[in-house]
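Participant: My questions will all concern the structure given below.
The values are calculated or read from the model by the stated rules, or taken from the named source; none is laboratory data. A quick note: this is a predicted structure, and the numbers were derived from the prediction, not measured. Neighbour counts run over all protein chains shown; Cβ positions are idealised from the backbone, glycine included. The area values use the complete protein model at the heavy-atom level, side chains included, leaving out ligands, DNA and RNA. Shrake-Rupley method; radii C 1.70, N 1.55, O 1.52, S 1.80 Å.
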Amino acid sequence: MNMPPTEPPAQDGPGREPSSHRARRGFSRRAFVGGAAASAAAATGISLVGGLAPSATATTAATEASAIRRPKGFGSVSTAPRLPAGFGKTFTSRFIQAGGLRQHAVIGGDGPPLLLVHGWPENWYAWRMVMPALARDFTVIAVDQRGIGLTEKPKGGYDTGTLADDLVALMDALGYDRFAVAGHDTGMIISYALAADHPDRVEYLALAEVPGPPRKEASPLLFEPAPLNNRLWHIPFNRVDHELTEKLVRGREELFFGYEFDIQGGERLPDYARDYYFRLFSDPEALRGSFGFYRAWDATVTQNGERAKRKLAMPVLAIGGSESWGPAVAGEMQKLAGDVRGVVIPGSGHWVAEQAPKEMLAALTEFLAPYRTAAASRSLR
């Protein structure tokens with residue numbers, strides 16, 4: 001395997017201890033990323049993040065405060081809070097120039113390659129609780145998507161075709177021709193595009209917690225009942241252009257992203273993890289980059305219409321949390337793939353790898369066992 005040299009992140013440490021947050025508790029409603037949503041929900045989004053944009057003085061103060069709260073290199077292994085024991089001995093942050101993009105990935109382990117693709121609003125850290133065990137059987141590559149974390153943040157290229165190409169370039173640079181992929185939330189949509197656009201590269205595909213990639217055929221109605229609107233509102237809000245969304249969210253990351261974490265069902269994420277994500281997206285460029293995926297929604301929907309014309313041939317595992325999308329994940333993927341196995345994780349909401357890591361790990365391990373065995377057999381030839 002041809003590995004590029006490691007570019008070590010700054011070793012400034014995790015900064016001050018995370019503060020305790022007291023955001024809303026007890027929500028059991030679920031997030032949805034399955035189609036075009038109502039523009040009327042944007043009004044709800046504006047009220048949730050505080051109405052008018054902050055003044056120039058307030059924005060400057062918020063930006064300065066955010067810089068203080070983010071140590072240099074924030075987003076690397078060395079700055080991540082409360083990682084599993086021994087994590088740093090197995091995994092390192094690597095920076096790979098691939099496909100014209102400087103990408104950050106956390107890599108470690110031994111065995112056939114397994115690419116992990118995070119969702120929104122997160123980064124590689126979302127997989128931290130399952131990565132050590134997976135690394136016993138696989139070489140784990142947990143990447144930061146374009147525009148997020150420590151990966152480069154260009155202004156364009158956020159349709160899933162381009163995002164999938166980013167990942168192919170990354171795996172090329174790491175020396176991997178074929179590999180397995182697991183994607184969650186927006187990472188699920190990107191991973192579907194990766195498998196559909198590059199079927200010769202993906203051997204096994206695990207998709208979690210989105211009821212299918214967005215397609216015109218799977219779009220909700222223009223006006224939905226309030227409970228469903230609460231799960232949809234962030235999509236049209238995030239799609240708004242002209243920096244309006246950034247202006248409304250900047251300095252209110254805890255309120256905005258805290259609502260998203262709370263409304264998606266299951267056990268509340270711990271304060272240290274929530275604070276980590278709030279700090280991650282308090283970087284103005286990362287905030288803009290995180291909305292890039294949604295602003296390319298029309299292009300992605302069009303691309304998915306073409307992808308749906310040919311079913312995926314590789315084995316697909318569709319994972320849902322019982323307090324979130326449950327069996328709907330497998331139900332939608334059965335329309336797009338020929339070999340789909342569905343798993344519903346009891347008690348879990350949307351954040352399956354963090355709310356139910358043991359169950360998530362068990363599902364992935366069982367599903368990927370044939371991939372691991374076949375790779376071992378090839379290495380003996």
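Participant: Given region 78-178, what helices (runs of 4 or more DSSP H) lie entirely inside it while holding 1 or more residues that are within 18 Å of the chain's Cα centre (by Cα) and under 26 Å from Tyr371 (Cβ atoms)?
Facilitator: Per the criteria, 131-134, 160-174.
Participant: Any residue that is crowded, with 24+ Cβ neighbours inside 10 Å, over 19 Å from Phe281 (Cα atoms) and without any contact (Cβ under 8 Å) to a residue 60 or more places away in the chain - is there at least one of those in region 121-140?
Facilitator: Looking for residues that are crowded, with 24+ Cβ neighbours inside 10 Å, over 19 Å from Phe281 (Cα atoms) and without any contact (Cβ under 8 Å) to a residue 60 or more places away in the chain, one finds at least one in region 121-140, hence yes.
Participant: Out of (1) open to solvent by less than 50 Å² (accessible area, probe 1.4 Å); (2) modelled with pLDDT under 95, the odd one out for Leu207 is which?
Facilitator: Every listed condition holds for Leu207 apart from (2).
Participant: Please enumerate the residues belonging to region 328-381 that are of a type in the set (Gly, Ala, Ser) and surrounded by 16 or more Cβ atoms within 10 Å (Cβ to Cβ). Before the answer, list the steps.
Facilitator: Narrowing region 328-381 to residues of a type in the set (Gly, Ala, Ser): 328, 330-331, 337-338, 342, 347-349, 353, 356, 362-363, 369, 374-377, 379.
Once the filter is applied, which keeps residues that are of a type in the set (Gly, Ala, Ser) and surrounded by 16 or more Cβ atoms within 10 Å (Cβ to Cβ), region 328-381 yields Ala328, Ala330, Gly331, Ala337, Gly342, Ser348, Gly349, Ala353, Ala356, Ala363, Ala375.
Participant: If you go through region 310-323 one residue at a time, how many are over 18 Å from Leu205 (Cβ atoms) and open to solvent by 10 Å² or more (accessible area, probe 1.4 Å)? Even if it seems obvious, please write down each step before you answer.
Facilitator: As a first pass, look at region 310-323 and keep what is over 18 Å from Leu205 (Cβ atoms): 321-323.
From the residues that got through so far, the ones that are open to solvent by 10 Å² or more (accessible area, probe 1.4 Å) too are 322-323.
Matching residues across region 310-323 total 2.
Participant: Which of the residues belonging to region 85-99 are in contact with a strand residue (DSSP E or B) (Cβ under 9 Å, 6 or more places away or on another chain) and open to solvent by 40 Å² or more (accessible area, probe 1.4 Å)?
Facilitator: Let us first name the residues in region 85-99 that are in contact with a strand residue (DSSP E or B) (Cβ under 9 Å, 6 or more places away or on another chain), namely 87, 89-97.
Across region 85-99, the qualifying residues are Lys89, Thr90, Thr92, Gln97.
Let's see how each residue does on (1) free of Cβ contacts under 8 Å to residues at least 24 places away in the same chain; (2) open to solvent by 10 Å² or more (accessible area, probe 1.4 Å); (3) more than 15 Å from the chain's Cα centre (by Cα):
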| residue | (1), (2), (3) |
| --- | --- |
| Pro213 | no, no, no |
| Leu232 | no, no, yes |
| Pro236 | no, yes, yes |
| Thr245 | no, no, yes |
| Arg274 | no, no, no |
| Arg279 | no, yes, yes |
| Ser282 | no, no, yes |
| Leu287 | no, no, no |
| Phe291 | no, no, no |
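Participant: When you scan region 326-355, how many residues do you find that are farther than 22 Å from Tyr192 by Cβ and either touching a Cys at 6+ places or on another chain (Cβ under 8 Å) or free of Cβ contacts under 8 Å to residues at least 40 places away in the same chain (or both)?
Facilitator: Applying the first criterion (farther than 22 Å from Tyr192 by Cβ) to region 326-355 yields 346-347, 355.
Those still in the list that are either touching a Cys at 6+ places or on another chain (Cβ under 8 Å) or free of Cβ contacts under 8 Å to residues at least 40 places away in the same chain (or both) too: 346.
Total satisfying the criteria: 1.
Participant: Now for a different question. Against the definition (buried (at least 22 other Cβ atoms within 10 Å of the Cβ), among the β-branched types (Val, Ile, Thr), at pLDDT below 95 and closer than 30 Å to Glu254 by Cα), how does Val143 come out, yes or no? Quick ask: steps written out before the conclusion?
Facilitator: Working: buried (at least 22 other Cβ atoms within 10 Å of the Cβ): yes; among the β-branched types (Val, Ile, Thr): yes; at pLDDT below 95: no; closer than 30 Å to Glu254 by Cα: yes.
Criteria not met by Val143.
Participant: In this structure, does Leu244 turn out to be modelled with pLDDT under 95, of a type in the set (A, V, I, L, M, F, W, C) and farther than 18 Å from Ala337 by Cα? I'd like the intermediate steps shown before the answer.
Facilitator: Working: modelled with pLDDT under 95: yes; of a type in the set (A, V, I, L, M, F, W, C): yes; farther than 18 Å from Ala337 by Cα: yes.
When the stated conditions are applied, Leu244 passes them.
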